[in-house]
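Report on the following structure.
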Protein chains: 2
Amino acid sequence: MIVYLNNEFLQLEEAKISPFDRGFLFADGVYESIRTYNGKLFYYKDHLKRLRKSLNEIRLLYNETEKIERIIYELINTNNINGEALIYLQITRGTSVPRTHSFTQEDVNPTIFISAAPLKRNEQEQKEGIRVSLQDDIRWLRCDIKSISLLPVIIANQSAVDAGGKEAILRRNGLITEGSHTNFFAIKDKIALTAPAGPLILSGITRMIVLELFNQLEIKVKEEFIKADELKMFNEFFITSTIKEITPVVQIDEWIVGDGKPGELTHKAQNAFDELVENY
Amino acid sequence: MIVYLNNEFLQLEEAKISPFDRGFLFADGVYESIRTYNGKLFYYKDHLKRLRKSLNEIRLLYNETEKIERIIYELINTNNINGEALIYLQITRGTSVPRTHSFTQEDVNPTIFISAAPLKRNEQEQKEGIRVSLQDDIRWLRCDIKSISLLPVIIANQSAVDAGGKEAILRRNGLITEGSHTNFFAIKDKIALTAPAGPLILSGITRMIVLELFNQLEIKVKEEFIKADELKMFNEFFITSTIKEITPVVQIDEWIVGDGKPGELTHKAQNAFDELVENY
């Protein structure tokens with residue numbers, strides 16, 4: 001695998017970070033996951049906009065975001081990825097010795113790391129749906145920043161996997177916020193609910209697309225928190241993300257949703273999404 | 001500077017981390033800062049106990065903690081540190097490709113990084129006291145784990161520095177929790193208050209020592225949250241940490257505490273602390 005690190009295309013084994021990189025010491029950085037359809041970066045402008053917002057929120061000055069798109073395509077070519085690609089991109093506040101909490105913008109060069117790998121849809125998950133597990137949302141209060149400060153997410157995700165789930169669905173003060181790396185939708189009475197954009201969720205690009213698609217399909221969507229103790233009043237659930245796309249949820253911990261098969265509106269959303277990406 | 005990384009003593013420039021280290025991608029790791037007095041590691045057993053607790057809480061299997069003390073002394077010698085030393089130690093869940101949130105213990109070797117640097121007391125700060133700044137505590141809900149998932153702390157600390165302070169004092173739901181990398185004490189009517197140990201603070205080793213010293217001095221201490229809007233009812237404040245030791249707080253944002261000089265019980269605590277470390 002060839003990766004991009006600070007102006008160089010390198011074999012992964014040659015790509016090395018200083019242990020004094022503030023990304024390693026402090027999780028002082030942000031990231032994006034971006035994918036292609038038909039070899040073309042999907043909703044790239046929206047990812048770039050969110051990246052800039054994340055950088056801005058943590059006050060990380062990185063002035064070369066214009067160059068990133070070109071680098072990504074070069075990385076896809078260099079790695080001979082012929083099908084679809086998943087791009088991972090991370091920018092940290094760079095290397096600074098000695099370790100100090102506060103930062104100056106002047107003396108630090110940000111670190112930028114980008115990788116590209118082949119990506120295939122998980123057909124089985126998207127057809128049959130997955131089991132998820134409810135976990136406590138113990139994250140910080142700025143989940144709208146796509147930061148690499150992800151240990152709370154790691155712990156929640158692993159606890160979900162240990163409980164037999166494929167994803168953690170997070171609950172804060174009795175309200176469902178989102179998945180550990182996905183957004184969460186619940187449907188009842190032909191109305192879809194998903195948590196409102198704000199500091200408690202990372203408002204995903206796929207989430208936004210689904211809101212648009214439901215709008216086009218004239219399916220009503222409310223951006224409202226779902227109460228954890230009212231989950232059983234709903235009859236369809238799905239999660240969304242760049243990688244998971246629209247993945248039905250057919251079991252929440254021990255509770256099997258309905259007949260254990262993906263629901264009707266979930267199918268409609270998936271079909272509309274497939275049409276969108278086919279023609280992208 | 002020579003550092004220790006995964007069984008090797010290396011020049012800092014030679015010490016390199018993979019960008020796929022889970023510490024870099026996910027802040028999936030923990031750390032300790034330890035110091036010497038008279039060339040001897042101070043309260044090492046307590047630091048080691050806390051390190052093991054942190055590792056355990058995030059389920060990071062690292063079985064070689066017994067070796068760390070020897071490595072640290074070797075690092076101090078190799079770097080020709082003749083005065084006191086500050087040790088920084090970080091363990092992450094190691095390098096794993098591709099990037100996935102969940103982890104398996106089997107296939108990943110943890111990364112251990114240790115650095116040692118000369119350390120001198122900031123005499124001026126400890127004599128004259130410092131200005132601090134109140135900031136919102138937006139961290140996760142397991143601040144008792146000494147994790148490297150520190151972006152919220154970085155943001156708070158930098159905001160405090162921008163506001164003219166040397167440290168951020170954090171406020172959650174109207175209660176003072178602690179500093180961005182220190183514990184916080186407030187004194188009135190000869191009684192000292194500090195936030196109780198629990199998931200909302202990192203209970204520092206120096207905090208624990210101060211509790212013991214106050215006990216010996218027959219000064220009453222309550223482990224209770226201080227209300228942010230009652231700060232002005234107190235007449236002395238200080239912060240504690242391995243590096244800051246006992247540093248008086250003489251100004252909180254625009255408010256100058258009393259006559260702007262460190263208080264009497266703060267002095268007593270400093271003197272008792274000095275006696276302790278001289279004889280350590």
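Against the list (1) part of a loop (DSSP other than H, G, I, E, B); (2) touching a residue at least 60 places away in the same chain (Cβ under 8 Å), the condition A:E125 fails is (1). With respect to (1) farther than 27 Å from B:P196 by Cβ; (2) without any contact (Cβ under 8 Å) to a residue 40 or more places away in the chain; (3) away from every other protein chain (no Cβ under 12 Å), the lone exception for B:L55 is condition (1).
B:T104 meets the conditions (1) open to solvent by 20 Å² or more (accessible area, probe 1.4 Å); (2) touching a residue at least 12 places away in the same chain (Cβ under 8 Å); (3) touching a Ser or Thr at 6+ places or on another chain (Cβ under 9 Å); (4) at the interface with chain A (Cβ under 10 Å from one of its Cβ atoms) in every case but one. The failed one is (2).
For residues that are of a type in the set (K, R) and in contact with a Leu (Cβ under 7 Å, 6 or more places away or on another chain), tally how many sit in the range A:147-180.
Initially, the range A:147-180 is screened for residues of a type in the set (K, R), giving A:166, A:171-172.
Filter once more, keeping what is in contact with a Leu (Cβ under 7 Å, 6 or more places away or on another chain): A:171-172.
The number of residues fulfilling the criteria is 2.
Checked against (1) crowded, with 20+ Cβ neighbours inside 10 Å; (2) closer than 30 Å to A:L141 by Cβ, B:I114 passes all but condition (2).
Annotation note: Cβ proximity below 9 Å between a residue of the range A:8-22 that is more than 10 Å from chain B (Cβ to nearest Cβ) and a residue that is crowded, with 20+ Cβ neighbours inside 10 Å (sequence gap 6+ or interchain) occurs for A:E8/A:A15; A:F9/A:V3; A:F9/A:L75; A:Q11/A:V3. Those strands (runs of 3 or more DSSP E) of the range B:211-280 in which 2 or more residues are over 20 Å from the mean Cα position of the chain (by Cα) and among the hydrophobic types (A, V, I, L, M, F, W, C) occupy B:245-252.
For the range A:183-193, state whether one or more residues are outside the structural domain of A:N38 (by TED's automatic domain parsing), under 27 Å from B:I138 (Cα atoms) and polar (S, T, N, Q). Within the range A:183-193, one or more residues are outside the structural domain of A:N38 (by TED's automatic domain parsing), under 27 Å from B:I138 (Cα atoms) and polar (S, T, N, Q). Within the span defined as the range A:173-189, one or more residues are within 14 Å of chain B (Cβ to nearest Cβ) and touching a helix residue (DSSP H, G or I) at 6+ places or on another chain (Cβ under 6 Å).
The values are calculated or read from the model by the stated rules, or taken from the named source; none is laboratory data. On a predicted model such as this, the values are computed, not experimentally measured, just so you know. We place every Cβ from the backbone using ideal geometry, glycine too, and count neighbours over all the protein chains shown. We work out accessible area using only protein heavy atoms, side chains counted, and drop any ligands, DNA or RNA first. Shrake-Rupley method; radii C 1.70, N 1.55, O 1.52, S 1.80 Å.
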